[in-house]
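These notes concern the structure reproduced below.
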Amino acid sequence: MEINVAKLLVGNWKMNGVSTALGEASLIAAAAKSAQSQAIQLAICPPATLLARLSETTAGTGLLTGAQDCHPKAFGAHTGDISAAMVKDAGGHFVIVGHSERRADHGESSALVQSKAQAALEAGLVPIICVGETGAERKAGQAESIVLAQVQGSIPETFSDGALVIAYEPVWAIGTGLVPSAGDVLAMHEAIHRSLVDRFGAKGASIQLLYGGSVNGQNARDLLHLAHVDGALVGGASLTADGFLKILHAIQE
Ligand code: PGA
């Protein structure tokens, strides 16, 4: 599934939201069509329990939906897991894989993330592959090598069809209110872009690169106008329509 927009804003609700949160999604959906007319695509990745309902509630509005994880296998005896085909069946367009919270909480390796991304592509979903260094790794001067190794290891070897998205999310910037300098974001996105072009040629150049980590209505404009920053993966500020739409309005100005 191709996505071809100037900016992609994806809300990652993490483990937040019960039925009452559908109202926030409807308010966000009401802005999705006008955003599309400016080549800005909005999406929400709610908890799995809300995905089908959120997809139904917002169908036809232009808001896309997605899941926060999937299993590498299509089906089988994997209690508690959800396959990419199930995400697709629930109306999802995207699936986030390899978020740093999953890499940390569930010990997910880049090899596992790669197999999840492969499963997503096979199911016709767009995987959003997350990468990012810890604060200690940045202090040690290893940010770029860590991130490029995650990019290298997490993208399916055979990637040639469909679309995928990379989200650069420094672990130390997630949920902390801390944001890297514009220069550091620019340098990392350029490095990721170069590595993708080296590996996949023109197809690599088409991979959209999101920034994530404490994005809000105040900092979105500066971050999202940087070269090779094609959008944002937004946690906390996406939980309310007000917070998410402030980001949209900041980049529409
Ligand atoms: P945050 O989360 O915007 O709350 O920092 C971003 C993310 O983890 O995707």
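The values are calculated or read from the model by the stated rules, or taken from the named source; none is laboratory data. A quick note: this is a predicted structure, and the numbers were derived from the prediction, not measured. Methodologically, a virtual Cβ is constructed for each residue, glycine included, from the backbone with ideal geometry; neighbour enumeration extends over all protein chains shown. For accessibility, only protein heavy atoms count, side chains too; no ligands or nucleic acids. Shrake-Rupley method; radii C 1.70, N 1.55, O 1.52, S 1.80 Å.
Brief remarks follow.
- Each residue in segment 187-214 was checked for being open to solvent by less than 10 Å² (accessible area, probe 1.4 Å) and not in a helix (DSSP H, G or I), and 6 of them qualify.
- On inspection, L209 qualifies as more than 11 Å from the ligand (Cβ to nearest atom) and under 14 Å from C130 (Cβ atoms).
- For segment 219-253, a tally of residues being farther than 12 Å from L9 by Cβ and more than 10 Å from the ligand (Cβ to nearest atom) returns 11.
- The set of residues in segment 42-58 being under 15 Å from the mean Cα position of the chain (by Cα) and of a type in the set (A, V, I, L, M) consists of L42, A43, I44.
- Looking only at residues of segment 116-171 that are at pLDDT 95 or above and polar (S, T, N, Q), we find that the one that is farthest from G92 (Cα to Cα) is Q142.
- Failed item, numbered, when G175 is tested on (1) within 17 Å of A191 (Cα to Cα); (2) within 14 Å of the ligand (Cβ to nearest atom); (3) of a type outside the set (V, I, T): (1)
- Answer from D161, D184 - the residue that is more than 19 Å from the chain's Cα centre (by Cα) and either of a type in the set (D, E, K, R) or open to solvent by 10 Å² or more (accessible area, probe 1.4 Å) (or both): D184
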